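Taking it in order: structure first as C-alpha cells, then the write-up.
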Amino acid sequence: MGFSFWLARLRSCSNKSAFSNAFRDSFYHYKSQLNTCQKNLPSTIAEKTNSHAFSWSSCLLPLAFAVSAGSLTFQSHNNHPSLCEPSNLDSRKVTIGGKASTEFVVKGTHKEVPQELIDELKAICQDNMTLDYDERFYHGKPQNSFHKAVNIPDVVVFPRSEEEVSQIVKSCNKHKVPIVPYGGATSIEGHTLSPNGGVCIDMTLMKRVKALHIRDMDVVVEPGIGWMELNEYLEPYGLFSPLIQVRPGATIGGMCATRCSGSLAVRYGTMRDNVISLKVVLANGDIVKTASRARKSAAGYDLTRLMIGSEGTLGVVTEVTLRLQKIPEHSVVAMCNFPTIKAAADVAIDTMLSGIQVSRVELLDEVQVRAINIANGKNLPEVPTLMFEFIGTKAYSHEQTQIVQRIVSEHNGSDFVFAEDPEAKKELWKIRKEALWACFAMEPNFEAMISDVCVPLSNLAELISRSKQELDASSLVCTVIAHAGDGNFHTVILFDPNEEEHRREAERLNQFMVYTALSMEGTCTGEHGVGTGKMKYLEKELGIEALQTMKRIKTALDPNNIMNPGKLIPPHVCF
C-alpha cells in the first residue's frame, strides 16, 4: 500500500516542468527537513511498540518546529465552543482564528488516543494504516501552505471503501477522537492541519470511476481521484470536467470540501455548479446521499450545497457525481500587454460586458511576469499581462478573438498575440500554470502567503489598483494573479516566517486586501476556502447571526466536535 501511495504522489507531480519540480522539492524539503521521497514505507501497527496509549509527550518535534519559527502560541480552548459563554471565552483570551488573530501556528488540546481505538482501526484497515512518525508529520503539514500546528495526527488511515470510512468515523466518534479528512494536500489555508491530533483519513486510495453516463454527461467517482486523472480517463469519450486547477495533485473530494473553482469558472462555474450529488459519512457513521442524479430537483433541503465548502467539518465525502462538458471543437489562446494593471482589469471587465462567452481570462502583474522570466529563462515584457481562451467552432473562436483585440486596443493594450496550434497554446498556458512555482525563483528560501479575495466584477479594477499600491510599497516581494473574468484576485506574498517583521507585514498586506474587498461587497475568499487562515474575517463578512447558524448546524450534525475541529467556524462564536 505504501509503495503505491508514494508512486501515486510522484505521478501526480509528473506534469510540472523540471524546474518547477526541482524548485518546489528543494523549497518544501527546506521547510520540513524531511525528504519524503526517500523515507521508509509507512509502518503498520505490528511495527509499533506495545505502549497502550499514544501520547504527544514523546513527539516534541512539531512543538520545537513551531517555536523555532518564532511564532506565538494560543490559549487552549473548549472542545465545545457552542456551549460556551462569551464572557468565559473572553476571559480565556482565545484567539485561534478569532477576530484579532494574526497567528500562524495553531495550537489545540490533545488527549491520548486509546489503544482500544487503535485496535479497532487495525481491524478495519488491516495494513492500510500507519503510526510511523514521518508519515504522520507529512500528513500534518500542508504541502502548499505556511500554516502549521503544534500537533500532528496520531494515526493515519487509508480506507479503500465507503464502508471502511463509515466504520472508522463511527469508532472515532465513540472514543471522541478528532478526524481530519485528507486528499491531495494542495489547500493553502490550513484545512488539513491536526491541531488536536487524532486520526487523519487519507482518501487517496479511493479513486475509482464508479460509473460514466455518456449520454447524460455525468460521472460518478470516488473522492481520491485527481482532476487530472479524471480528465485523462474522460478524454477518449470526448468529455471533460471543467474543474481545472493550478495544482496537479488536487483531488475531487478535497475540491468539494473547499468549494474551489479555477481558471474555467468564468465559463463553467465553480465546484458547487458542477456537483450533482454526493455521498457523505456523517459524524455518527451514517452514510447520507444528498440528491438524485437528476440535473435539477426541488426535493427537500439542498444537502449537496451544504456539504460543498464545509471543509470536512460536517462529514467525509465518499462519492461525487459530477457534470461533464463536451471537449470544445476549437480553441484560441491569446495574450496581450498593458501599461497599467487597471487598464488590464478594465479590459477583462469590458470583455465580459461584451457578451463574449470567453472560457478563461487570467491577469498577471509585472512582478509575476518577472518571476516567470527568472524561473524559466524567458524574455517576456515585464508589464501587466492578460491571457484569454476562446472556445467553440473555428469561426466563432476567431470572431471572439477579433472582438477582444479591438477592446484591447481601446485600452492602450499592445503585443496582442494568439495561438491555435496545440503545442503553441500549451506553451502559452504554461506561463500561467507555472506562475506560483516561478515566484520562488525570486526568493528561494521564503514561504508564500497565497491569499485570494473576490468582488463584484465592476469593482475588480479598483480593488487591484488599491491593493497594488500597498503591495508595491512593501519591502516584501508580492505578485498579483487574477481570474479576472469573475472578479477573483490572488496575491502571492513571499516572506520569511522566522522573521517577526516579515510575518506582521505579510499579514498586514493580506488584511488590507481582504478589508478592501469586503468594503466593496466582496468576500475574503473566492476559491481557497476558510480553513484556519481566513476564519478571523468571517464575522465581518457574514455577521455573527450567520456564524451562529453555522455553529448550530455543526453542533447538530457533530455533537462531539470530532469532524475537522478548529476549522471554518471561528472559536469565539457561541449560541
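Structure notes:
- Of all lysines in the structure, the ones whose alpha carbon falls short of 26 Å from that of K326, not counting any fewer than 8 places away in one chain, are K16, K207, K210, K279, K296, K394, K425, K426, K430, K433.
- Top positive-direction residue, dipole computed over region 330-529 with Cβ charges, set A435, H502, M520: A435
- Calculated FRET efficiency for the pair N412/E163, C-beta based, R₀ 56 Å, to 0.05: 0.35
- Calculation over all alpha carbon pairs of region 290-329 in 5 angstrom steps from 0 returns a P(r) of 5, 17, 26, 20, 17, 7, 6, 2, 0 percent.
- Cross-link partners of K111 among lysines (Cα-Cα below 25 Å; sequence separation of 8 or more within a chain): K48, K93, K122, K141, K148, K170, K174, K176, K551, K554, K567
- The ellipsoid equivalent to the alpha-carbon distribution of region 106-202 has semi-axes of 21, 15, 11 angstrom, derived from the gyration tensor eigenvalues as √(5λ) and listed largest first.
- For V347, the shell of other residues with beta-carbons less than 11 Å away shows a net charge of -1, using +1 for Lys and Arg and -1 for Asp and Glu.
- By a 1.4 Å probe calculation restricted to protein chains, I403 has an accessible surface near 50 Å², given to the nearest 10.
- The residues of region 106-202 present an accessible area of 26 Å² per residue when probed at 1.4 Å with all protein chains retained.
- Area accessible to solvent at L131, 1.4 Å probe radius, in Å²: 0 Å²
- Accessible surface of R247 - all protein chains present, 1.4 Å probe, nearest 10 Å²: 40 Å²
- Rg and Dmax [Cα atoms of region 354-504; Å; Rg one decimal, Dmax integer]: 16.6, 56
- Shown is the FRET efficiency for L542 and H398, computed with R0 = 51 Å from the Cβ-Cβ distance and rounded to the nearest 0.05: 0.70.
- Computed over neighbours whose Cβ is under 10 Å from that of I431, the net charge equals +1, Lys and Arg +1, Asp and Glu -1.
- All other residues whose Cβ lies under 10 angstrom from that of I287 are scored, Lys and Arg at +1 and Asp and Glu at -1, for a net of -2.
The values are calculated or read from the model by the stated rules, or taken from the named source; none is laboratory data. The shown structure was predicted, so the numbers you read here are calculated from the model rather than taken from an experiment. Using ideal geometry, Cβ is built from the backbone for each residue, glycine included, and neighbour counts are taken over all protein chains shown. Ligands, DNA and RNA are excluded from the accessible area calculation, which covers all protein heavy atoms including side chains. Shrake-Rupley method; radii C 1.70, N 1.55, O 1.52, S 1.80 Å.
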